[in-house]
1. Between residue 75 and residue 110, what's the calculated FRET efficiency when r is the beta-carbon distance and R0 is 25 Å? Round to 0.05.
2. Any chance you could tell me what percent of the C-alpha pair distances in segment 2-115 go past 26 Å?
3. Given an 8 Å cut-off on Cα distances and at least 6 residues of separation, report the relative contact order of the chain as a percent.
4. I'd like the distance separating the alpha-carbon centroids of segment 19-62 and segment 67-114, in whole Å.
5. Listing 70, 28 from the residue with the fewest other Cβ atoms within 10 Å to the one with the most, what is the order?
6. Helix-only estimate, please: 222 nm mean residue ellipticity of the chain, summing -39500 (n - 2.57) across DSSP H runs of length 4 or more and dividing by its residues, to the nearest 500.
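FYI, it's all coordinate maths here, none of it is from the lab. As the structure is a computational prediction, the values presented were derived from the model and not from experiment. Counting neighbours? That spans all protein chains shown, and the Cβs are built from the backbone with ideal geometry, glycine included.
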């Protein structure tokens, strides 16, 4: 299970750039849920590890069989990118060079067809 956060600021969503399995892609901050934690705990921990931000989760934005995405608000911390990540960006919804098929599916489930 993967737990991720949708963090908005000025109409843009925070995304991080990763390299896994030989490819680079943009993703929402978050990561794998450990055996000892809930998806909510994992999301808060992973966002802090990846971005330096402390967050509070508001509600579930998307729940699938392998992924749970939460709306989140920043409550503290400073943006500093984790070493394993390549970049970060505040992205306009629907920015085509940032969405892969997984993110596009989540975005459409959260905001509907108008998000394209």
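1. 0.70
2. The proportion of pairs with Cα distances above 26 Å equals 10 percent.
3. Normalised by residue count, the contact order of the chain is 30 percent.
4. 10 Å
5. With the sparsest Cβ surroundings first, the list reads 70, 28.
6. Calculated mean residue ellipticity at 222 nm is -6500 deg cm²/dmol.
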